[in-house]
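The values are calculated or read from the model by the stated rules, or taken from the named source; none is laboratory data. As the structure is a prediction and not an experimental result, all values here were calculated from the model. No Cβ is skipped: glycine too gets one built from the backbone with ideal geometry, and neighbour counts run over all protein chains shown. The accessibility values were calculated without ligands, DNA or RNA, using every heavy atom of the protein model including side chains. Shrake-Rupley method; radii C 1.70, N 1.55, O 1.52, S 1.80 Å.
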Amino acid sequence: MDKLERYRESIKTILKEYADRMKNSEFDVQLICDNENDHYLLLDVGWQKSRRVHSCALHFDIIDGKIWLQENNTELEIDRDLEEMGISKKEIVVGFHHPSMREYSDYAVS
């Protein structure tokens, strides 16, 4: 399996595992996988009393040969999960951290 396909499968595994854990929630959990453009999302959609909920739980992109974690609104430690799947810290960009702060982490800057 080539690197890009390994990234895609790793991301989908994480998203599916989290989606399965959320199946009994009050929201519809939607898993969005765009392999053509390498965008991967997990959304919570529904209603909480009279308030509409449409929120992104997890968002990944694959950009320039690296996994970009764009959003993580879960308790999951995604970086550790990816590392356990054989993906190094230098292959992961924490996109929700400001670019000027990324250099202080063990992860890729861009």
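Couple of notes before you dig in:
- Dipole moment magnitude, nearest 20 debye, the chain about Cα centre, only Lys, Arg, Asp, Glu C-beta charged: 320 debye
- Modelled FRET efficiency - R0 25 Å, Asp64 with Ser25, Cβ distances, 0.05 increments: 0.15
- Toward the positive end of the charge dipole of the range 55-102, with +1 on the Cβ of Lys and Arg and -1 on the Cβ of Asp and Glu, the farthest Cα among Cys56, Gly86, Pro99 is that of Pro99.
- Accessible area per residue in Å² at 1.4 Å probe, computed on the range 6-81: 58 Å²
- Summary value for the chain: 16 percent relative contact order, contacts being C-alpha pairs under 8 angstrom separated by 6+ residues.
- Reported label for calculated Rg/Rh (Cα atoms, Kirkwood Rh) given (1) 0.93; (2) 0.95; (3) 0.99: (3)
- Order by protection proxy (mean Cβ within 10 Å, highest first), peptides 54-64, 97-107, 31-41: 54-64, 31-41, 97-107
- Apportionment of accessible area to carbon and sulfur, the chain, percent (1.4 Å): 47 percent
- Percent of C-alpha pairs per 5 Å bin in the range 56-108, short distances first: 5, 20, 31, 30, 13, 1.
- For the range 3-61, the list of trypsin sites (Lys or Arg not before Pro) that fall in a loop by DSSP and count at most 16 other C-beta atoms within 10 angstrom reads Lys23, Lys49.
- Couplings 3J(HN,Hα) for the range 56-71, derived from phi with the Karplus relation 6.51 cos²θ - 1.76 cosθ + 1.60 (θ = phi - 60°), are 8, 7, 9, 9, 10, 10, 10, 10, 6, x, 9, 8, 9, 8, 7, 7 Hz, where x marks Gly and Pro.
- Near His39, the amide H atoms lying under 5 Å from its own belong to Asp34; only residues 5 or more places off or on other chains count, and H is placed 1.01 Å from N.
- Whole-Hz Karplus values for the range 93-110 come out as 10, 8, x, 7, 8, 4, x, 5, 9, 5, 5, 8, 9, 7, 9, 5, 7, 6 Hz, taken residue by residue from phi with 6.51 cos²θ - 1.76 cosθ + 1.60 and θ = phi - 60°; glycine and proline positions read x.
- Degrees between helix 3-21 axis and first principal axis of the chain (Cα, 0 to 90, nearest 10): 30 degrees
- Close lysine pairs were tallied over the chain: pairs 8 or more places apart or on different chains with Cα atoms under 18 Å apart number 8.
- Helical mean residue ellipticity (222 nm; -39500 (n - 2.57) per DSSP H run of 4+; nearest 500) of the chain: -8000 deg cm²/dmol
- DSSP bridge orientation in the range 58-110 - percent antiparallel, rounded to nearest 5: 60 percent
- On a per residue basis, the convex hull of the C-alpha atoms belonging to the range 1-66 measures out at 74 Å³.
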